[in-house]
Amino acid sequence: VQLQASGGGSVQAGGFLRLSCSASRIMFRAYDMAWYRQAPGKERELVASITSDGATTLANPVKGRFIISRDNAQDAVYLQMNNLKPEDTAVYYCSTVVRGQRRWGQGTQVTVSS
């Protein structure tokens with residue numbers, strides 16, 4: 001599997017970004033997908049997930065601000081991030097589990113300044 005994330009950048013607090021992740025070499029529609037993030041000096045944490053059926057979950061810190069979605073025709077998963085806060089600053093990774101092993105994309109940096 002290959003996961004290619006894009007869309008990161010630098011924004012001011014209150015701004016928005018949309019992350020995209022394209023997947024290849026898997027039957028994308030059959031896989032649950034997720035976005036994780038890792039801030040400097042912190043553990044990688046789950047931000048949002050979406051099942052193959054489209055059911056979504058969001059971590060408490062991002063509820064009401066982030067939206068995860070997928071487009072099976074494009075083999076892509078998205079993370080719409082609104083009302084960004086400095087504490088959202090991190091490298092964001094898209095991820096899935098293939099044959100029992102979690103796989104990661106290369107990450108995209110999101111920096112939110114106050």
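Bear in mind that the values in this text are calculations on the coordinates, not laboratory data. Everything numeric here is computed off the predicted structure, so don't read it as measured data. When we count neighbours, we look across all protein chains shown, and the Cβ atoms used for this are built from the backbone with ideal geometry, even at glycine.
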Of 1, 93, 40, which is farthest towards the positive pole of the chain's charge dipole, taken about the Cα centre with +1 and -1 on the beta-carbons of Lys, Arg and Asp, Glu respectively?
1
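Do any GluC sites (Glu not before Pro) in segment 26-93 lie in a DSSP loop with no more than 11 other beta carbon atoms within 10 Å, and if so, which?
On the way: sites: 43, 45, 87; in loops: 43.
Passing both the DSSP loop test and the Cβ count: 43.
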Can you pull the three principal axis extents for the Cα set of segment 1-56, in Å, largest first?
36, 22, 22
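Under unit Cβ charges (Lys, Arg +1; Asp, Glu -1), what dipole magnitude, rounded to 20 debye, does the chain have relative to its Cα centre?
On the way: 13 positive and 8 negative charges, 30 e Å.
Its charge dipole is roughly 140 debye.
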Which percent of Cα-Cα pairs in the chain sits in each 10 Å bin, short to long?
15, 51, 28, 5, 0
Which residues in segment 20-45 have a backbone N closer than 18 Å to a point placed 7 Å from the Cα of residue 51 along the Cα-to-Cβ line?
28-35
